[in-house]
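The values are calculated or read from the model by the stated rules, or taken from the named source; none is laboratory data. Just so we're clear, the structure is a prediction, and the values are computed from it rather than from any experiment. FYI the Cβ positions are ideal-geometry reconstructions off the backbone, even for glycines, and counts take in every protein chain you see. To get the accessible areas, we keep the full protein, side chains included, count just its heavy atoms, and leave off ligands, DNA and RNA. Shrake-Rupley method; radii C 1.70, N 1.55, O 1.52, S 1.80 Å.
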Amino acid sequence: MSSEVTTHLRTMLEVSNRTTTSAAHRRLLRAAGDAAQLAGWLAIDAQKYNQAEGYCRLAASLAEKSNDRALRAYSLGVISYTHLHAGDGKAALSVLDTAQGLAGHGAPSAVRSWLCEATGEAYGFLGQPRPGLASLAQAERVFDGVSTESAPVWLGFYNADCHAARLKGRCLTRLREPREATRALYEALTLLPPTFVRERSGTLIDLAVAYVQMGQIEQACDAASQADTLARRTGSGRNRRRLRELLVGLMPWTDIDYVQRLYRQVLLN
């Protein structure tokens, strides 16, 4: 799918260079920006972070040329996720500060809420729970204004309660609030459709992390085992890597049978 998106993006850029009507040109630039941010997400899932940042900077540039501040802010927000995945909260906050400045109060609620949630995660990596929880609370307040009609097409995944719940749960694990995190993550698993396999896998990994934080190791292994099965179905390199990172956190319990089974499942199969 990544190659198909790249080919589609290249075609749109070529057509936009030949388009003379200003209105049509802006629409093509916005469509190309949408394709570029999608290519960025696919690169993130493949753990090609430099490539992802390149696509997202292209998306931000196209959004600027088409005078779409919301898409530009969102594209910068996606760049922040490359830093979040690397555990670099400081770099993520730097990008998010610019993105939130662009979004202001005029951007759709979905964009502003999503940026606030990412900011909460960044503070979690910095070990600053107070501003992190404040950002998460702001994300929840702004999300009240999100609807299917108001969310941009390129942020369509963030127009339903299931996605708000899963991102809230992930943010709370970053902020080391595991009890609250598990409540949000179970809500997300209840709401997420079975067809959202990659999202369910990531949510189960977050749940496993929360259980490790609480010292509930058997529950953590059960969630991680389910996550691994789903990650294999989608070929998600990102989720497979997260599972290997989880194993590091389980090293103090490697003498327990169900931890050993998880190690064999994740590393040997």
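Numerical summary
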{"read-out": "Helix 49-65 vs. the chain, principal-axis angle (Cα, 0 to 90°, nearest 10)", "value": "30"}
{"read-out": "Solution diffusion estimate, µm²/s, Stokes-Einstein, region 148-269, Kirkwood Rh from C-alpha pairs, 10 °C, viscosity 1.306 mPa s", "value": "108"}
{"read-out": "Highest-fluctuation residue, 100, 219, 37 considered, GNM on the chain with Cα pairs under 10 Å", "value": "219"}
{"read-out": "P(r) tail fraction, region 61-182 - alpha-carbon pairs more than 26 Å apart, %", "value": "14"}
{"read-out": "Angle between the chain longest axis and helix 2-18 axis [Cα atoms, degrees, rounded to 10]", "value": "10"}
{"read-out": "For region 71-213, accessible area per residue (1.4 Å probe, heavy atoms of protein chains only), Å²", "value": "40"}
{"read-out": "Correct option for Cα extents along the principal axes in Å [calculated from the coordinates] among (1) 68, 39, 32; (2) 52, 50, 35; (3) 122, 36, 29", "value": "(1)"}
{"read-out": "The chain: angle of helix 129-143 to the longest principal axis, Cα-based, in degrees nearest 10", "value": "50"}
{"read-out": "Cα→Cβ-extended label distance, 7 Å offset, between residue 130 and residue 198, nm", "value": "3.8"}
{"read-out": "The chain: most fluctuating residue of 84, 172, 207 per GNM, C-alpha cutoff 10 Å", "value": "84"}
